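Engineer: Take a look at the following structure, please.
Nothing in this text is a laboratory measurement; each read-out follows from the coordinates by a stated rule. Worth saying up front: this structure is predicted, and the values here are computed from it rather than measured. With ideal geometry, Cβ positions are generated from the backbone for all residues, glycine too; neighbour counts draw on all protein chains shown.
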Amino acid sequence: MLKVNPNYEKLPGSYLFAEIARRVKTYSSENPQADLIRLGIGDVTRPLAPAVVEAMVKASREMGEAETFRGYGPDYGYDFLVNAIIKNDYQALGVEIAFDEVFISDGAKCDVSNVQELFSNDAVIAVTDPVYPVYVDSNAMMGRAGEYVKDRWNRLCYLPCNEENGFVPPLPDRPVDVIYLCYPNNPTGTTLTKAQLKLFVDYAKHTGCVIVYDAAYKAFITSDAPHSIYEIEGAKDVAIECCSYSKTAGFTGTRCGFMVIPHGVVGMGGNGQPVELNAMWKRRMGSKFNGVSYPIQRAAEAVYSVDGWQQCMANIHYYLTNARIIREGVQKAGYTVFGGVDAPYVWMKTPTGMDSWTFFDKLLHEVHVVGTPGAGFGPCGEGYFRLTAFNTLEKTQEAVERIQRLGR
Ligand SMILES: *Cc1c(COP(=O)(O)O)cnc(C)c1O
């Protein structure tokens, strides 16, 4: 009989959201009159920008005419989109990225989880704690995370982020090969300054490790936090950057993103010689990926048009207003809160001595508000709780009033 990949059996299971759904369902069936408000939504809710829809429809019609029909697209993405990215995402920041350093993809989750194929099986991985679970699971599936013991993987290097260090991860305390960073951060909603990020770039340069930088929430930045890791000097020698139209332009159901792998980012080959990760990724994309459909790449291009950008930013502004209402309102209720300025997430401390699942139940049962327990994002998430800005303005206001009524 086929022997299956043993690492899958070690996975703790998608415990977090399944458990939330179970508790909400149980409560709702016992209390059908309860009007629940969900501030746990991790998905956008505003519709696509009209300029984006228009571009998608136009490109779809082109596919139905003999003169403009297109078959397989280029493996790494259409020129028009790659050029729009180079100009708008990088040249606008004073960063030069070469045409063949950009890879169009079907999203950042796929990229951040597929990129581990380029690492040796014994590579040591560092992640922040709390963390977006995809970095951990994709490596655990290949055995790099070791064994799951109690609440953590024994071969991962966790970088604890908490109130004491202002959610700024410490540098690894032992040698690692890869560091995953995500800023603005999911789940904490916090950012790193250029100086804080530079410590990681310098460390990677000094030790020879590679940084995988997830910038999925960069469109939410309102402070002077960096929009790209390449704003940091030297980053083009050590960092891969993943971006997505999911949160920027509401593409979670439309699917498009991109990854940048500069030629300067290298690993060690079998003969001890440096190997470009860019060349390896090209090889992988050519064999395993057929690209994103033409209408969707045209839709992504339209995000950068004058109208498209204005419309997308209006949606971001809507979410950021919700984030501010949550942040200020929950703070007024007496809670300590973080994030919510450069991100659609507010990370709050649970009342002293109350664990994050107990607080989840308290909010659900007493004021009918659903959030996400911090413990679900890693051991350091215990004692914290995530609220998201993706519900409507009205529901968000109502939820915050309910939390204020509850008090601390
Ligand atoms: C939502 C999200 C993404 C985007 O993933 P897509 O596959 O592009 O939809 C990436 N990283 C983080 C941390 C996210 O929360």
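Engineer: For the chain, what does -39500 (n - 2.57) per DSSP helix run (n ≥ 4), summed and divided by total residues, give at 222 nm, in deg cm²/dmol to the nearest 500?
Structural biologist: One gets -10500 deg cm²/dmol as the mean residue ellipticity at 222 nm.
Engineer: When the dipole is taken about the Cα centre of the chain, and only Lys, Arg (+1) and Asp, Glu (-1) are charged at their Cβ, what size is it in debye, to the nearest 20?
Structural biologist: Charge dipole of the chain: 720 debye, to the nearest 20.
Engineer: Shape call for the stretch 53-305 from the C-alpha gyration tensor, a ≥ b ≥ c root eigenvalues: rounded (a/c under 1.5), prolate (a/b greater than b/c) or oblate?
Structural biologist: Prolate is the answer for the stretch 53-305, as a/c is 1.5 or above and a/b outweighs b/c.
Engineer: Something else: Under the rule a/c < 1.5 gives rounded, and otherwise a/b versus b/c splits prolate from oblate, where does the stretch 204-287 land using the Cα gyration tensor? Walk me through the intermediate numbers first.
Structural biologist: Details: a/c = 3.67, a/b = 1.45, b/c = 2.52.
Because a/c hits 1.5 or more and a/b fails to exceed b/c, the stretch 204-287 counts as oblate.
Engineer: Tell me which residues come under 5 Å, amide H to amide H, from Cys157 once H is placed; ignore anything under 5 positions away on its chain.
Structural biologist: For Cys157, whose amide H was placed from the backbone, the distant partners under 5 Å are Ile125, Ala126, Val127.
Engineer: Let me ask you something else. Once the Cβ-Cβ distance between Glu231 and Arg408 is put in as r, and R0 is 35 Å, what FRET efficiency do you end up with, to the nearest 0.05?
Structural biologist: About 0.35, to the nearest 0.05.
Engineer: State the antiparallel share, in %, of DSSP beta bridges confined to the chain, rounding to the nearest 5.
Structural biologist: 55 percent
Engineer: Suppose the chain between Glu117 and Gln331 were pulled fully straight at 0.36 nm per residue; how much longer would it get relative to their current alpha carbon spacing?
Structural biologist: Difference between extended and current length: 72.7 nm.
Engineer: Search the structure for amide H atoms under 5 Å from the amide H of Asp214, placed 1.01 Å from N in the peptide plane, and list their residues when 5 or more places away or on another chain.
Structural biologist: Amide H neighbours of Asp214, under 5 Å, 5+ apart: Leu181, Cys182, Tyr183, Cys242.
Engineer: Continuing with this model, one more query. If you count the DSSP beta bridges with both ends in the stretch 124-202, what percent of them are antiparallel, to the nearest 5?
Structural biologist: Among the beta bridges of the stretch 124-202, antiparallel pairing accounts for roughly 20 percent.
Engineer: Mind checking which lysines have their C-alpha under 24 Å from Lys247, skipping anything on the same chain fewer than 8 residues away?
Structural biologist: Within the straight-line cut-off, Lys247 pairs with Lys58, Lys87, Lys109, Lys194, Lys218, Lys395.
Engineer: For the chain, what's the relative contact order in percent, using C-alpha pairs closer than 8 Å and at least 6 residues apart?
Structural biologist: Once divided by the residue count of the chain, the mean separation gives 23 percent.
Engineer: Turning to a different aspect of this structure: Give the aspartates and glutamates reachable from Lys150 as a straight Cα distance under 18 Å; neighbours fewer than 8 places away on the same chain don't count.
Structural biologist: Of all the aspartates and glutamates, those that pass the test against Lys150 - Cα under 18 Å, at least 8 places apart if same chain - are Glu9, Glu19, Asp129, Asp137, Asp355, Glu382.
Engineer: Another question, if that's okay. Apply the a/c threshold of 1.5 to the C-alpha gyration tensor of the stretch 230-278 and tell me whether it is rounded, prolate or oblate.
Structural biologist: oblate
Engineer: State the extension gain, in nm to one decimal, for the chain segment bounded by Ile41 and Val168, taking 0.36 nm per residue of separation less the distance between their alpha-carbons. Don't skip to the answer; put the middle values down first.
Structural biologist: Values: separation 127, 0.36 × 127 = 45.72 nm, distance 2.50 nm.
Taking 0.36 nm per residue and subtracting the Cα distance, the gain is 43.2 nm.
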